[in-house]
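Heads up: the structure comes next, in structure tokens.
Computed from the coordinates by the stated procedures, all read-outs in this text should not be read as laboratory data. Since we're looking at a predicted model, the values are computed, not measured. Cβ coordinates were reconstructed from backbone atoms using ideal geometry, including for glycine residues, and neighbour counts include every protein chain displayed.
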Amino acid sequence: MAKTYVSATINGESAEFLCETQQTLLDVLRDVIGLTGSKEGCGSGDCGACSVIVDDRLVCSCLMLGVEAEGKSITTIEGIANGDTLHPIQQKFLEYAALQCGFCTPGLIVATKALLDENPNPTETEARYWLAGNLCRCTGYDKVIRAVMDVAADMRGEKVA
Amino acid sequence: MQAFTLTQPSNIQSAVAAASEPQTKYIAGGTDLLQLAKDDIETPRQLVDLEPLPMSGIHAGPNGLRLEALARMSDVAAHPAVVHGWPVLSQALLASASPQIRNMATVGGNLLQRTRCGYFRDTGFACNKRVPGSGCPAINGENRMHAILGVSDHCIATNPGDMAVAMMVLDAELELIGRNGTRKVAIGDFHRLPADTPHIETILRPGELITGIAIPASAAARRSGYLKVRDRASFEFAVVSAAVALDMDGGTIRSARVAAGGVGTKPWRLPEVEAALTGKPARAATLQEAAGRAGEGAKTTAMNAFKLVLLRRAVLRALQTVAA
Amino acid sequence: MAMIGQPLDRIDGRAKVTGAAKYAAEFRVPNAVHAVLVQSTIAAGSITGFDLKEASDMPGVLAIITPNNAGKLTHPENVPQAVAGPLLQNKDILFNGQHVALVVAETLEQAQSAASAVRLTYTRGEAATSMDAMLGQAYPPKHFRNGARPPDTSRGNADESFATGAVKMDATYVTPIEHHNPMEPHATIAAWDGDRVTVWTATQGISGVQSTLAGQFGIDKANVRAICPYVGAGFGSKGNTWPPATLAALAARTVRRPVKLVLSRSQMYTSNGYRPRTVQKLKIAAAADGALLSMRHDGFSSMSRPSLGEFAEPVALATEMLYACPNVAVTHRLVALNAALPTYMRAPGEASGVYALESAMDEMAVALKMDPIAFRLKNYAETDPHENKPFASKALRACYEQGARAFGWEKRSAEPRSMRDGNILIGWGFATSTYPTNRMPSAVKIRMEKDARVVLQCGTQDIGTGTYTVMTQVAADTLGIPMHHIRFELGDSNMPPGPVSGGSMTVASVSPSVQAACRALLDKIKDRAVAQPGWGGQSRDGLQLRDGQVVGIGQQISLATLLEHGPIEAEAKTQPGDEKKEFSMHAFGAQFAEVRVDPDLGEIRVSRYVGAFDGGNILNAKTARSQLIGGITYGIGMALHEETLVDQETGRIVNTNVAEYLMPVNADVPDIQTIIVPNDDKNSNPLGVKGIGELPMVGVAAAIANAVYHATGVRVRKVPIRIEDVL
């Protein structure tokens, strides 16, 4: 079957790729472009490991067709850090040990980025419900929430005791 | 997933024209359709992509709310006019799925979300909804989450929606377009009971498309709420849910709208509860008595019999919350 | 400053937060093609035919492998990680969802399309799918604990003494099938070069993969290389070498191209084991003062057809050793079903068994009108009452005390339904935790490069637990050099072998070899120093390594100078000694849960949690706390969410996803307080560690079930506890 030409912006850089119609954006990112940071944990939108930001919206890339990325701006885990400098969210996840096997981590960090972009001052409850779509099987969420609340305060310029 | 072509029409008319081809489905948010396609439950040869169409507006005015079909669940849920004028709708949307899914899924698509019945969603099982006449293993199977209202000998699959349940108490009207023009249909008439044709789930004709949802403003809409009961605190389909909208005159209920989710083969209106509330004072005993009527005609299994009890309690709690 | 004990950041953290860490499916192997499994839709019978016409003609299809053309694989009897099937070796169908064919195609999409087009015909056999219906045909396991002990044991006379008890309980507890659901589905890429095969595979045990594939394909172990630098967790599902890894290698051999096989989430439900369903009968009797007189624990666990192997859930081992009771009898039985082979899942044995035991102990405390902790203390085992040996160490009393204090246990009112917050019922529950301390042999290679940086290698795995980090800490302390000068490498079977990452034994097993290798390296450095001209008078043992200098009496030489002669290498192997003969080795803990139950709607939420643990010496408090919190969360899932539903008519699993197989998400998990009770168990191993991978999940389900009873007055004797159980 003929492949479709798609032009998009990925992590701030223009990207062009060919993909089959039924390839998901996740498959395109991982297999065509080689950005394997986004993970496939379920393929059905139930785990959040494939979370990416498309035009300022947090989505599951496993439930979006690659061809629908045409003209869109996509941020993946690979685009969160500033070169070699970790994003504060990444730094806090590391410091809080809010990760273990690391498979859910890219999705959780991208989801946290989307949360704080939209709501820089979430309550703990808001953070827990915002991150409701991201399953983690190792670390048990508590450290994730601590990291999120702390980095939110940091990014607002507040000092945390 | 079977290979398919993707057509990206430039307007609604060409979308409808493209959809007249055989084995064609519309795709909007894609959150349910792609899951179903991956599992070979849906095997379209052509998808008509609605995404590029400018149909995602949310229009709120003094007389009502009009949602264009491609409005995202998250945008509707967060819209200030919806939060204030139709709280049951905002609450139901926020109780649905996850932020990621709500950001992708559209209100039009959500009305067409298919059942979560595990027998339906696995081609390794028989299922009358998927393969008419093949049988319904859920009736004697793992049916804790299955419906108790509107069931038939052919299907007991639960309609999974939250939003549609809220719309049942808001007198929502769907705007449809097809080859033969446009028509309107009340939300309560949109979904069909399974009867002996569980594979036909709505009154949509082949190729027909939902373009918008009109919801009137009302005192009841402003005084409304949604309660969702589930095993997990978030990101789970309803075990039971209740939507309530009350038009109150002081302490008296002028009129009531009550519906339930997680219990019906379609979003389920509870007229028996509404009748017991109309014109009555909103006292504890009234609410209790009315809620106790919920689920008239329920047909339960050993595993889901609790849903009838839970339904009544959920309705009562929702009534208490909204009436307070 | 000593690095051991410091709460250091994970060394692999940066790779993981940036998405750079490479998991099995992510290796770019040139020319690789894709394989997709086809699975049966009946539970018993045999395949009578394949219709492959449509599938074979589809674009990109390279091969369709079925029992007709798979070729013979040998089952290596002496490799415990080798799973016997289903490996397309015959046409028997033993469970629903069994692998029956493998489609290989150029692209994943082509392979998936063709897999959907494979048609089978069967003759149907009679399937046993209901464990309850088959309980009467339960049988003793043949290889219980790999033959290390019998399935039934007793001391005293449990049945006679039961009759003499003043207070008794007799109840049956049921735990469901649970699936590990690691976030990374299993994946293998296999590539052959002549008779050598390399597999990039998601596993908890590369050594097992190596031995299994060598045996199955009849090649030398040295010709199998298994690579796994990162794995998206396993929880036991990646401990054995399950058929998908073998089938990927088989496919690669067939099409003479590298093959990638990634399981779908749905296929994970019948491809790599699960925690079996258990039915556990508990009978306990005590004197009026609370002294235990009799305990009987009869455990039944569900199994596959025996030809697939054997796994018996060892539910009653903790019952033997946890309390000082003179009369104890335990039995273990299997119930064969048409189901896939079960396996270890986080805290095998104890997760299910201690749930039942500690629920029963709570029932006894209620019947005795005793505080649940006081009842445990009344029967505290100072020595192992079953093996008649001292514990290597046991700080359980301190776990009880510190956990109770942190939780505020003394403010608990004993009566069920007596604590409320408005309309909401509050329940406080408690349970004991324990898990055996294990250790296996391991080997480590070490090399100091000319720039004085050190590389250590061990063919172990980091399944998320922190192996990279903790082993680097151990090496830094032993060598006396900074951590950033040390690189610990793992996940490659070309390295010296390490044990499977399971049984909470990685630190106990690998760190002694790290230490020994570091010491051997230091000796070699010193040997090189004393061989220097003018160093003849120095004794090796008198030398010290300090700030990059080897320092002797009145003399010193820089490492840089010594290393001009070339890098220095050493290797060490360590193994357990006789400590198991001398001591009973266990970790312990105390679990405290608060639940909130809506009395009308039946919703149960865990609102507060405290766990206090004696895990021996803790090498890194930061990674350790992640383990503890994660284990407790796993236990919350067991208590309230997780259950694999099997259709009894067809034996087919109904909820093969993570939407309807519920697991805890953020909003289900409260603030969790973990207390590390200081201990240092040098009787068990040189580092004094006990292992904390399983311990924190043991007893959680009981603590929550006991809290639900306290909140509602309803004793639920099965998990998960659902809304309808407390309505």
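Summary table below
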| read-out | value |
| --- | --- |
| Members of C:238/C:260; C:394/C:690; A:3/A:39; C:394/C:622; C:238/C:718; C:22/C:622 lying beyond 19 Å, as alpha-carbon distances in this model show | A:3/A:39; C:394/C:622; C:238/C:718; C:22/C:622 |
| DSSP-loop trypsin sites (Lys or Arg not before Pro) across the stretch C:334-423, with at most 13 other Cβ within 10 angstrom | C:369 |
| Three principal axis lengths of the protein assembly as shown [C-alpha, angstrom, descending] | 103, 77, 69 |
| ³J(HN,Hα), Karplus 6.51/-1.76/1.60, whole Hz, each residue of the stretch B:308-324, x for Gly, Pro | 5, 4, 5, 4, 5, 6, 5, 4, 4, 4, 5, 4, 4, 5, 6, 6, 5 |
| Computed FRET value (nearest 0.05) for residue C:31 with residue C:451, which takes r as the C-beta separation and R₀ as 45 Å | 0.75 |
| Cβ charges +1 (Lys, Arg) and -1 (Asp, Glu), total dipole of the stretch A:4-79, debye | 140 |
| Residue exposure sequence - C:399, A:101, A:19, A:47 - by fewest surrounding Cβ within 10 Å | A:19, C:399, A:101, A:47 |
| Cα centroid separation - the stretch C:574-620 against the stretch C:180-242, whole Å | 31 |
| Under 17 Å from the Cα of residue C:411 - lysines, other chains or at least 8 residues apart | C:369 |
| Förster radius 60 Å - calculated FRET efficiency between residue B:192 and residue C:374 (Cβ-Cβ, nearest 0.05) | 0.45 |
| Stretchable slack from residue A:11 to residue A:82, in nm (0.36 nm times residue separation minus alpha-carbon distance) | 24.5 nm |
| Alpha-carbon centroid distance for the pair the stretch C:388-411 / the stretch C:289-354, whole angstrom | 25 |
| Cβ charges +1 (Lys, Arg) and -1 (Asp, Glu), total dipole of the protein assembly as shown, debye | 920 |
| Cα shape, chain C, gyration tensor, a/c 1.5 rule | oblate |
| If the convex hull is drawn through the Cα atoms of chain B, its volume per residue in Å³ | 125 |
| Exposure proxy ranking, count of Cβ atoms within 10 Å, fewest first, for C:198, C:331 | C:331, C:198 |
| Among B:59, B:36, B:88 the positive-end extreme of the charge dipole of the stretch B:1-149 (Cβ point charges) | B:88 |
| Aspartates and glutamates with Cα under 15 Å of residue B:280, excluding same-chain neighbours fewer than 8 positions away | B:247, B:249, B:272, B:289 |
| Dipole moment magnitude, nearest 20 debye, the stretch B:224-323 about Cα centre, only Lys, Arg, Asp, Glu C-beta charged | 180 |
| The stretch C:440-575: translational diffusion in µm²/s, Stokes-Einstein, Kirkwood Rh over Cα pairs, 20 °C, 1.002 mPa s | 141 |
| The stretch B:224-323, relative contact order in percent, only Cα pairs under 8 angstrom and at least six apart counted | 28 |
| Signed unit charges on C-beta, dipole axis of chain C, positive-most listed residue C:125, C:164, C:469 | C:469 |
| Average other protein chain Cβ within 10 Å of Cβ, residues C:6-15 | 4 |
| Cα lying deepest toward the dipole's positive end in the stretch B:224-323, options B:261, B:234, B:309, charges on Cβ | B:234 |
| Cα centroid of the stretch C:1-56 to Cα centroid of the stretch B:94-109, whole Å | 29 |
| Exposure proxy ranking, count of Cβ atoms within 10 Å, fewest first, for A:3, C:238, C:260 | A:3, C:260, C:238 |
| FRET E, pair residue C:146, residue C:582, Förster distance 25 Å, beta-carbon r, rounded to 0.05 | 0.70 |
| Longest DSSP-loop-exposure-free segment, GluC sites (Glu not before Pro), chain A, at most 15 other Cβ within 10 Å | A:71-157 |
